[in-house]
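The values are calculated or read from the model by the stated rules, or taken from the named source; none is laboratory data. Nothing here was measured: the structure is a model prediction, and the numbers come from that model. Here the Cβ positions follow ideal geometry from the backbone for every residue, glycine too, while neighbour counts run over all protein chains shown.
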Amino acid sequence: MLREGEGWKLMYLPLSQATVEVEPLEVHIPRFGTAPVEIVILGSRFCPVGAWTVLEVRKVASEFPGEVELREIPASSETLARYGRADGIFINGKEPFIGPTFEKAIRTAIREALKRG
């Protein structure tokens, strides 16, 4: 059922069964460039905390010129299909933190990734 009103749409899909079977998507974050550390930001602007974290990641990544490459990919259904996620921050394909993160934790994650090569 889709109802339209004053500038909004509500979509409701009634379920005809008590449970729904789902399978998790496989997360696949490839390496795009050649920098020792690659940060991929998928979406991550759905809430103020995500947007703030993106700003912190950008700031800290700029402290490592030539060592850190930052790639931002907007959230979309194509992003979800291609990467298995439409939201998140990944360092060399791994998600080192979820939720609010401070500069110190971001810097530590980058330094650890640099050590691992």
_Being surrounded by fewer than 14 Cβ atoms within 10 Å (Cβ to Cβ) and not aliphatic (A, V, I, L, M): is that true of PHE102 here?_
yes
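Quick grid of which residues meet (1) farther than 19 Å from PHE97 by Cβ; (2) in a helix (DSSP H, G or I); (3) at pLDDT 90 or above; (4) among the charged types (D, E, K, R):
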residue	(1), (2), (3), (4)
GLN17	yes, no, no, no
LEU25	yes, no, yes, no
VAL40	no, no, yes, no
VAL54	no, yes, yes, no
VAL57	no, yes, yes, no
GLU69	no, no, yes, yes
Log entry, pairs with first residue in the stretch 92-103 being over 12 Å from VAL57 (Cα atoms) and touching a residue at least 60 places away in the same chain (Cβ under 8 Å), second being in a loop (DSSP other than H, G, I, E, B) and not acidic (Asp, Glu), beta carbons closer than 7 Å, six or more apart or on different chains, reads GLY93/ILE29; GLY93/ARG31
Scanning the stretch 71-85 for residues that are without any contact (Cβ under 8 Å) to a residue 40 or more places away in the chain and in a loop (DSSP other than H, G, I, E, B), the one surrounded by the most Cβ atoms within 10 Å (Cβ to Cβ) turns out to be ALA75
